[in-house]
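Worksheet: one structure, shown below.
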Amino acid sequence: MKRVLTAAALIPFIVYVVLFANLWFFLAVLATIALLCYREYNTIAEGFGFGAPGPVGYGAGLLLLVVKSETWLLIALLCVLALILAMREEGVAKSLPRAALLVTGVIYVFGCWQFAIPLREASPHWLMYALLVNWAGDTGAYFVGRHFGRHKMAPRVSPKKSWEGAAASVLTSILLAGGYLVWFLPQVPVVSVIALTAVANIAGQLGDLAESSMKRGAGVKDSGAILPGHGGFLDRVDSTLFALPVIYAFVRLLA
């Protein structure tokens, strides 16, 4: 019940932000969500025993999120800064892993969220579709996997996930998210919509498993507890983070 109530409260707000809000309000909400996700990533990363990446990631991440050009320059400078900061620590043996955790977190969270901005600029419906791919897929996987899941997909990483649930996730995404895209952006060929939705959904499922793997390695059950019934923000958007660059790549090819 908590899961349903949380979704019922959040979905209308997210729909408003994506489809109707002005640019500055949209960017403010996006930045807030990205910062909350990075905060949770920071906690997970600390569980690996190399120390938390620290506050530098917040500032570097916001720059990566909003700067449209020179992205690779920012990433290169972040790598240099991360190594310099890590070498100042007493435990030199942990300097490289800690720097790697910082750079990975910034790119993983802020770098992936960055693609939400050009997708919305191309059309708010592209971004809404990108969110629907995983909303719909998660719903299909949850109900089918719960009742019919028999064959475990990745038992060491996420014991509850099944191949039956994964297949249902792809199919549900194609029907709901694909249907949304065909309705609101009819210029996109139906065959392309089906293929894109399937690939983006699979990318999202890999993103879910990637976060589960990080949590298991750090000995953490949920990334947070801010969303009743869902865990943390990162638990809710881990699939979207992997799907966004895939959908953006398709939009670029379409342009």
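Applying the selection to the stretch 49-74, what residues are within 21 Å of the chain's Cα centre (by Cα) and within 16 Å of residue 98 (Cα to Cα)? 52, 53, 54, 55, 56, 57, 58, 60 - these are the residues of the stretch 49-74 that are within 21 Å of the chain's Cα centre (by Cα) and within 16 Å of residue 98 (Cα to Cα). Taking the stretch 158-169 as the range and being closer than 16 Å to residue 237 by Cα and outside any helix (DSSP H, G or I) as the test, no residue passes. Of all residues in the stretch 72-96, those that are at pLDDT 80 or above and over 15 Å from residue 57 (Cα atoms) total 3. In the stretch 137-160, the residues that are closer than 22 Å to residue 176 by Cβ and aliphatic (A, V, I, L, M) form Cβ pairs under 6 Å with partners that are part of a helix (DSSP H, G or I) and at pLDDT 80 or above, at six or more places apart or across chains, as follows: 141/165; 141/168; 141/169; 144/164; 144/165; 144/168; 153/163; 153/166. Consider the stretch 138-157 and keep the residues that are β-branched (Val, Ile, Thr) and assigned to a helix (DSSP H, G or I). The one that is modelled with the lowest pLDDT is 144. Only one entry in 168, 210 is surrounded by 15 or more Cβ atoms within 10 Å (Cβ to Cβ) and within 30 Å of residue 52 (Cβ to Cβ), namely 210.
Total residues in the stretch 75-117 satisfying the condition of being within 16 Å of the chain's Cα centre (by Cα) and farther than 19 Å from residue 211 by Cβ: the figure is 1. Among the residues of the stretch 140-157, are any farther than 21 Å from residue 220 by Cα, touching a Leu at 6+ places or on another chain (Cβ under 8 Å) and surrounded by 22 or more Cβ atoms within 10 Å (Cβ to Cβ)? The answer is yes; a qualifying residue exists. Taken together, the residues in the stretch 170-221 that are closer than 29 Å to residue 43 by Cα and either of a type in the set (A, V, I, L, M, F, W, C) or in a helix (DSSP H, G or I) (or both) amount to 20.
The values are calculated or read from the model by the stated rules, or taken from the named source; none is laboratory data. As the structure is a computational prediction, the values presented were derived from the model and not from experiment. For neighbour counting, all protein chains shown are included, and Cβ atoms are generated from backbone atoms with ideal geometry for every residue, glycine included.
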